[in-house]
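The values are calculated or read from the model by the stated rules, or taken from the named source; none is laboratory data. Note that this is a predicted model, so its numbers are computed, not measured. Cβ: placed from backbone, ideal geometry, glycine included. Neighbour counts: every protein chain shown.
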Amino acid sequence: MSGSLWTGRQGDIRTVSAAVARALVEELGLAEPPPAGALPADSAGVPAGSLLPPRERFSGMPVRTHGFVYVDSQAPRPFELRLTVLGGRRSLRRGLGIGPLLYAVPLNAPPTGRVALGPARGPGPASFAGEPGVAGRLNADADLVRAADSLAPTKVGPDHLHTWQVDRLLAVEPLAPGPVLLVRTFHRSTAGGWSPRADAVLDLAARVEAVLR
């Protein structure tokens, strides 16, 4: 299916995995699909050695988790992605849809303390908090803060009548291999189907790197 809902014979997590790989190829201009595999709902949501944290016990979504799609790509730069596959119904048919997407992007930057984008206060965008020097440098780039704010929403839903609150996660984590950008985002509908927001996440990673160097 061209959209972000798979029903009938297409309602299989392997079909969703293949669709995720195709979407990344189209969005990032990759020469070939990145490795994308399905993980069951009762798993940690990541393989051993992943930079991504294990799945949360409660997803915060209003429907059940059917499973996960895990992607480990080396192009156009290394990144990992865990996409939550949700199960539900559309009219009388069962189907699968897309829930949160969690990205991990290793940064080519010196070691640093943790900084994270906080909740929005008032009509303006949110700001970074944590390691004071790093947070101050990130907050000094207003365009970067706006891009980060738009990637990590705190309210999601199919329309303005059906929304729910989600915990924001957009942080630079000081992991053993070096700093890693973690971003929890949500797909965006497009004229031709849907976007996994990978281009925006990788663009933000490059901008954060430039500030941290």
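Miscellaneous remarks
- Taking the criterion of being out of contact with any helix residue (DSSP H, G or I) (no Cβ under 9 Å at 6 or more places or on another chain) and touching a residue at least 24 places away in the same chain (Cβ under 8 Å), the residues of region 187-205 that qualify are Ser189, Ala205.
- Matching residues in region 12-57 - criterion: being at pLDDT 95 or above, among the small types (Gly, Ala, Ser) and farther than 22 Å from Gly87 by Cβ: Gly29, Ala31, Ser50
- Residue check for Leu96: in a strand (DSSP E or B), touching a helix residue (DSSP H, G or I) at 6+ places or on another chain (Cβ under 9 Å) and surrounded by 16 or more Cβ atoms within 10 Å (Cβ to Cβ): yes
- Taking region 148-213 as the region of interest, the strands (runs of 3 or more DSSP E) fully inside it that hold 1 or more residues being at pLDDT 95 or above and among the β-branched types (Val, Ile, Thr) are 170-175, 178-185.
- Residue list for region 109-133, restricted to those being in contact (Cβ under 8 Å) with a residue 24 or more places away in the chain and over 20 Å from Arg184 (Cα atoms): Ala109, Pro110, Pro111, Thr112
- Test: residue in region 107-128 that is buried (at least 16 other Cβ atoms within 10 Å of the Cβ), in contact with a helix residue (DSSP H, G or I) (Cβ under 9 Å, 6 or more places away or on another chain) and of a type in the set (Ser, Thr, Tyr): yes
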